[in-house]
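The structure appears below as structure tokens.
The values are calculated or read from the model by the stated rules, or taken from the named source; none is laboratory data. No experiment lies behind these values; they were computed from the predicted model shown. Every residue, glycine among them, receives a Cβ derived from its backbone with ideal geometry; neighbour counts consider all protein chains shown.
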Amino acid sequence: MKVGLKKDDTVLVVSGRERGKTGKIIRVLHEKRGVLVERLNMIKRHQKATSPQNPGGILEKEAPLHLSNVMLLCPSCNKPTRVGRTELDEKHVRKCRRCGQNIDKA
């Protein structure tokens, strides 16, 4: 199944604890059907010290959000939208289902 989101896309969280917040995608986790969004869904992890250079401690990092809980923000209309696909010059590009503009650069 195709994921309509890519790294560096801006997304809006539509449900959960972080609802209403926007951020940039750091990483898409295809096998878990999730995304890591910059500075959203932060969790604390206790890291054991592995060497004198890496002392360990309590680290804060992003936890994945499920794809169903985020929506792409269209760069042209700046509203949350579903992602469509269209063929342009024998290449598939993503397009906004709300305003019809291409999301990817052709």
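General remarks:
- Residue count for segment 6-30, restricted to those that are surrounded by fewer than 17 Cβ atoms within 10 Å (Cβ to Cβ) and not in a strand (DSSP E or B): 11.
- Considered as a group, the residues in segment 48-97 that are assigned to a strand (DSSP E or B) and of a type in the set (Gly, Ala, Ser) include one that is surrounded by the most Cβ atoms within 10 Å (Cβ to Cβ), and that residue is 84.
- For residue 49, the conditions (1) hydrophobic (A, V, I, L, M, F, W, C); (2) without any contact (Cβ under 8 Å) to a residue 12 or more places away in the chain; (3) touching a Ser or Thr at 6+ places or on another chain (Cβ under 9 Å) are fulfilled apart from (3).
- Which numbered condition residue 87 fails, given (1) more than 15 Å from residue 12 (Cα to Cα); (2) under 11 Å from the mean Cα position of the chain (by Cα): (2)
- Flag: residue 3 does not match the condition of being of a type in the set (A, V, I, L, M), under 13 Å from the mean Cα position of the chain (by Cα) and at pLDDT 95 or above.
- Candidate set: segment 31-47, residues that are surrounded by fewer than 12 Cβ atoms within 10 Å (Cβ to Cβ) and not charged (D, E, K, R); chosen: the one nearest to the chain's Cα centre (by Cα): 42
- Close contacts from segment 59-87, counting a first residue that is closer than 14 Å to residue 25 by Cα and in contact (Cβ under 8 Å) with a residue 24 or more places away in the chain and a second that is assigned to a strand (DSSP E or B) and basic (Lys, Arg), with Cβ to Cβ under 9 Å and a gap of 6+ residues or different chains, come to 62/27; 64/27; 72/94.
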